[in-house]
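Have a look at the structure below before the remarks.
The values are calculated or read from the model by the stated rules, or taken from the named source; none is laboratory data. If you're wondering where the values come from, they're calculated on a predicted model, not measured in any experiment. Cβ: placed from backbone, ideal geometry, glycine included. Neighbour counts: every protein chain shown.
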Amino acid sequence: MWSSMLLVTSTLFIPLEIYIPFLTERYQDIFSPYSSGIRAAFYGTIWVMLIAMISSVPISVGAAIYLEEYAKPTKTTKLIQALVTNLAGVPSIVFGMFGLAIFVKQGGIGWGLGPSILAAGLTMGVMAMPIIVLASQEALRSVPRSLRESAYGVGCTQWQVTKDHVLPSAMPGIMTGSILAMSRIMGEAAPLVVVGATAMIVFDPEPLAGLLGGNVNFTVIPIQIYFWTSEPDPAWHAMAAAASISLIALLVAMNSIAIVLRQHFRRRLN
Amino acid sequence: MSEEAQTEEIPNSTRDLEIDDEKELMIEDLDLWYGDKQALYGVSLPIAKNSVTALIGPSGCGKSTLLRMMNRMNDLIPICHYDGKISMGDVEITGKDADLVEIRKKIGMVFQRPNPFPKSIYDNVGYGVKLHFKPTREELDAIVEKSLKRAALWKEVADRQHELGTSLSGGQQQRLCIARTIAIEPDVILMDEPCSALDPIATAAIEELILELKKDFTVVIVTHSMSQAARVSDYTGFMYLGRLVEFDKTEKIFSDPDNELTKRYITGRFG
């Protein structure tokens, strides 16, 4: 207790005059690595994640509830289950191609969103779906039968059992699964290379440009790292390493949130 | 063992049962299968109103299955299918278009292991009431208090109704489950070995409660303990291998059973 307080207060006396422009500065140009930052890539990552989360979590949790609670075990259900399980193992580049065909391209089945954040977020959402579905199913399955029985016993309909009892009990598992899926797609570069993330972004990205028009260009941290490592100037390699550390810090933060949420809900349940 | 001896060991279910009291439930010729395996064979059984009916028998004889059939709890098991009729007055419980919510409101259930919701004590009792009756806050408070009192739990939890139901002791949890069941004013309460996870003192409390409850409700109880059946029940049915071997007034079953199997079971010579 005392030692930790000492540790915290001691940091106040460290002469902290280091300015970290790295996180807040925009990319300047190819000749000035040390004054460049990952601001655009950071915003790009956050937007892509947000869109992926909004588009995938409700659908995936709904699908998991349907498969686990409602679907009768017919051949079709088994087939869907097998497909979902397999989708979770499909290489990410394939999802990139899917996103390119559906979200980016205009005409045919394409939605014509262009190489934008919206298209990238939706692609990443599709990629996260099978993972979230499987994690949610696992969480729903682990809700004890006695809880369902007691709910049916007081005369709940199936939806009331699901909504009032099963879902709240499965919530920690579902949230953990969703956040872990998000942190997995946060580190993905391959699908976005196909969807069309660019490396040289000078301005902050516009998240809805694919729909409303405007500058659709965007990038995310993994892509930024990838392009910087392929520059000849070793200074850029140092920048890539710094960006990697930022990415890892972001991942650790996400996973910590998952742990905190899970603990919070567990405590509320027990 | 010769085939003849075996058929002698497995009697048919008794039929044409008559009881003097008014009937609450009537089970007629109920067959039930789990997949290909038959679990009940032509069981017929009347349940007398405002009385305690006990079902006894060795493990796996189908007594829990029969009990769970009375409020269609077996519907939760996908491979379970059945043939026969259970009726409650004019309502046919086994009917294809039976309203399961209405049935489970009228026929409540208390399970083997205490299974309160992971909610507060108050919400545990109030949940079902809110579901079915849409009471005002004051009405709900009154119902919760009354139900906890009737379940002999009020004195212990009056000042901590907002603590989690799962934080109570096993016996208290089981009485909470009973309070939750009686809060929605069912006609029948089904109890599936309600004391098997409890110590003797908690068991005694529940048994006392059952005797109290039968004034207002019809109770059907499945139990492993013959002494418990003898203590609390008015009628007793003895089941064996999916058949209802004998059904009669409890005094008759425990003093002078008609069936040789029943006699051997209650004297502890098998099962």
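Considering every residue within the stretch B:187-199, establish whether at least one is more than 12 Å from every other protein chain (Cβ to nearest Cβ), in contact (Cβ under 8 Å) with a residue 40 or more places away in the chain and part of a helix (DSSP H, G or I).
Taking every residue of the stretch B:187-199 in turn, none turns out to be more than 12 Å from every other protein chain (Cβ to nearest Cβ), in contact (Cβ under 8 Å) with a residue 40 or more places away in the chain and part of a helix (DSSP H, G or I).
Regarding the stretch A:249-259, can at least one residue be identified that is within 14 Å of another protein chain (Cβ to nearest Cβ), among the small types (Gly, Ala, Ser) and closer than 30 Å to B:PRO116 by Cα?
Applying the first criterion (within 14 Å of another protein chain (Cβ to nearest Cβ)) to the stretch A:249-259 yields none.
For the stretch A:249-259, residues within 14 Å of another protein chain (Cβ to nearest Cβ), among the small types (Gly, Ala, Ser) and closer than 30 Å to B:PRO116 by Cα: absent.
Would you call B:LEU211 touching a Phe, Trp or Tyr at 6+ places or on another chain (Cβ under 7 Å) and part of a helix (DSSP H, G or I)? Steps first, answer last, please.
Values: touching a Phe, Trp or Tyr at 6+ places or on another chain (Cβ under 7 Å): no; part of a helix (DSSP H, G or I): yes.
Here the answer is no, as B:LEU211 does not meet what is asked.
Which of the residues that make up the stretch A:229-244 are in contact (Cβ under 8 Å) with a residue 60 or more places away in the chain and in a helix (DSSP H, G or I)?
Applying the first criterion (in contact (Cβ under 8 Å) with a residue 60 or more places away in the chain) to the stretch A:229-244 yields A:231, A:233, A:235-236, A:238-239, A:242-243.
Matches in the stretch A:229-244: A:ALA235, A:TRP236, A:ALA238, A:MET239, A:ALA242, A:ALA243.
Could you check the stretch B:131-179 and list, in sequence order, the residues that are closer than 25 Å to A:ARG266 by Cα, among the small types (Gly, Ala, Ser) and within 14 Å of chain A (Cβ to nearest Cβ)?
Within the stretch B:131-179, B:GLY165, B:SER167, B:GLY170 qualify.
Sort out for me the strands (runs of 3 or more DSSP E) sitting completely within the stretch B:1-109 that have 1 or more residues that are at pLDDT 90 or above and of a type in the set (S, T, N, Q).
By residue number, B:37-48, B:52-56, B:80-88.
Considering each of A:ALA170, A:ALA120 in turn, give the residue that is more than 8 Å from chain B (Cβ to nearest Cβ), crowded, with 22+ Cβ neighbours inside 10 Å and within 21 Å of B:PHE117 (Cβ to Cβ).
When all the criteria are applied, what remains is A:ALA170.
Since A:ARG141 meets every condition but one in (1) within 14 Å of chain B (Cβ to nearest Cβ); (2) over 23 Å from the mean Cα position of the chain (by Cα), which condition does it not meet?
(1)
Based on this model, can you work out whether B:VAL110 counts as within 19 Å of the chain's Cα centre (by Cα), touching a residue at least 24 places away in the same chain (Cβ under 8 Å) and surrounded by 21 or more Cβ atoms within 10 Å (Cβ to Cβ)?
For B:VAL110, the condition - within 19 Å of the chain's Cα centre (by Cα), touching a residue at least 24 places away in the same chain (Cβ under 8 Å) and surrounded by 21 or more Cβ atoms within 10 Å (Cβ to Cβ) - is met.
Tell me, yes or no, whether the stretch B:114-130 has at least one residue that is more than 14 Å from A:ALA151 (Cα to Cα), at the interface with another protein chain (Cβ under 10 Å from one of its Cβ atoms) and either surrounded by fewer than 24 Cβ atoms within 10 Å (Cβ to Cβ) or acidic (Asp, Glu) (or both).
No, there is no match, as no residue in the stretch B:114-130 is more than 14 Å from A:ALA151 (Cα to Cα), at the interface with another protein chain (Cβ under 10 Å from one of its Cβ atoms) and either surrounded by fewer than 24 Cβ atoms within 10 Å (Cβ to Cβ) or acidic (Asp, Glu) (or both).
Identify the single condition in (1) free of Cβ contacts under 8 Å to residues at least 60 places away in the same chain; (2) within 14 Å of another protein chain (Cβ to nearest Cβ); (3) surrounded by 13 or more Cβ atoms within 10 Å (Cβ to Cβ) that A:GLU68 does not satisfy, given that it satisfies every other one.
Of the numbered conditions (1) free of Cβ contacts under 8 Å to residues at least 60 places away in the same chain; (2) within 14 Å of another protein chain (Cβ to nearest Cβ); (3) surrounded by 13 or more Cβ atoms within 10 Å (Cβ to Cβ), the odd one out for A:GLU68 is (1).
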